[in-house]
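Some notes on the structure that comes next.
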Amino acid sequence: MKNGNPKGQASQGINGRSRVQCIVLPGGRVVVDVKETFLKTAIDIGIASLKALLRADEETLCGPYYRHKDRMRMKGNYASRWGKANGEITMGGQRIQIKRGRMRLNGREILQPTYELFRDDDPLNERIFKQMLLGVSSRDYRESLEIKSMGRSTSKSSVSRRFTVMTKKKLAEWLNRQLKGLKIAALFIDGKTFGEHMLIVAIGVDTQGNKHVLGLWEGSTENIEVCTMLLSNLVNRGLRTDENMLVVIDGSKALFKSVRQVIGNNAVIQRCQQHKIENVKSHLSKSLHSSVESEMRRAYDAENVQTARTILQELAVRLEEKHPGAAGSLREGLDETLTVIGLNLPTALRNTFQTTNVVESTFSIVSTKTRNVKLWRSGTMALRWMVAGLVSAEKKFRRLKGYRMMPALLQALGRESKTTVDTVAEAV
């Protein structure tokens with residue numbers, strides 16, 4: 001015993017939990033981290049097992065050692081051993097160097113099946129991709145590893161390159177996803193800025209109330225060309241536009257024109273009420289923000305379109321003299337901000353479809369994933385990070401509040417009979 005701790009006994013951490021292992025050796029005491037030792041031992045065992053598998057592969061392909069004459073008499077086409085070579089495998093979120101046997105068959109080199117399996121970079125790239133989305137910066141990736149004393153491909157530049165490769169792959173896969181099987185009842189479109197780059201994102205809600213990220217497009221501003229390219233891309237990938245669809249957009253005139261151009265009269269357009277409130281407030285002094293917003297929300301909570309329109313028009317008249325900019329902003333697209341009120345939807349659905357909050361909440365997840373990025377060098381970089389964030393956000397999607405009443409929306413759009421709505425209402 002030394003310092004009250006017997007040889008080989010674990011020191012006690014908080015709440016009496018075993019934290020470190022104390023081993024007494026000649027010349028002093030060595031303290032070994034149990035977790036670190038266990039994980040390193042696990043990887044060592046994994047490497048030893050892998051080497052045994054490689055030797056088994058080699059014997060299967062080349063036959064046993066020192067049995068050349070026996071192999072000659074045996075039927076079958078055996079490979080020849082051709083010395084040793086350095087190799088690398090992926091294990092524990094890093095690249096680890098090993099020695100492997102070289103073999104040749106019919107004049108060309110062949111690899112052990114086990115080595116081909118473990119040398120794949122995909123598991124490492126996936127781990128780096130997930131770690132970066134969890135907020136681990138490229139310079140801190142090595143510190144996030146359970147075992148830091150071995151391995152390669154954990155430097156800042158290497159991690160960054162691998163993350164770039166992985167996000168490019170995700171971007172290509174994601175932008176080419178087919179949409180033919182989706183029955184989209186509502187479409188939300190909004191934009192987010194990354195440095196000098198504007199990314200327009202479309203999220204669809206199917207007839208069962210499930211949310212789907214459908215696509216995105218990059219441009220310098222939210223102009224009509226960018227919005228049209230996004231919508232055309234969705235149609236080309238199979239988005240159906242032959243039935244009426246509720247389309248919720250921000251206050252952009254470009255988006256409104258693009259929706260009309262691509263989807264036509266089948267688009268029942270709702271402009272985001274929150275965006276409209278913020279646009280009007282931007283023309284006013286802060287002292288008027290509260291009263292104007294309160295009046296606009298009273299209009300948007302009205303039971304029918306006529307009441308809401310009257311409240312907003314009277315507010316515009318009061319603002320006309322001293323704040324013509326605010327009055328003009330309020331009148332612009334006024335009827336499109338009241339579309340959902342006219343559909344007479346249940347409260348839960350009405351609250352959801354009055355704004356683009358479905359997209360905004362997704363953007364909040366993307367912002368969390370991209371918080372370590374300080375410089376946006378290109379539009380491609382912005383696209384890669386946006387897709388990485390959207391992939392993560394999509395996994396957390398839940399059905400809309402009031403999804404059981406989606407038939408009410410379909411009926412209001414002329415896509416389903418009232419009988420279905422009544423049946424669902426009784427079930428709820």
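General remarks:
- Qualifying residue in segment 257-270 (condition: under 26 Å from the mean Cα position of the chain (by Cα) and among the β-branched types (Val, Ile, Thr)): yes
- Matching residues, segment 345-385, being charged (D, E, K, R) and buried (at least 16 other Cβ atoms within 10 Å of the Cβ): 350, 360, 369, 384
- Restricting the first member to segment 299-320 and to residues that are not assigned by TED's automatic domain parsing to the domain that holds residue 340, and the second to residues that are surrounded by fewer than 16 Cβ atoms within 10 Å (Cβ to Cβ), no beta-carbon pair is closer than 8 Å while six or more apart or on different chains.
- Check on residue 231, closer than 27 Å to residue 351 by Cα and in contact (Cβ under 8 Å) with a residue 12 or more places away in the chain: yes
- All of 213, 205 fail the test of being crowded, with 23+ Cβ neighbours inside 10 Å and outside any loop (DSSP other than H, G, I, E, B), apart from 205.
- In the set (1) over 24 Å from residue 325 (Cα atoms); (2) in contact (Cβ under 8 Å) with a residue 24 or more places away in the chain; (3) of a type outside the set (D, E, K, R), the condition left unmet by residue 252 is number (1).
The values are calculated or read from the model by the stated rules, or taken from the named source; none is laboratory data. Model, not experiment: these values are computed from the prediction. Note: ideal-geometry Cβ built from the backbone for every residue, glycine included; neighbour counts use all protein chains shown.
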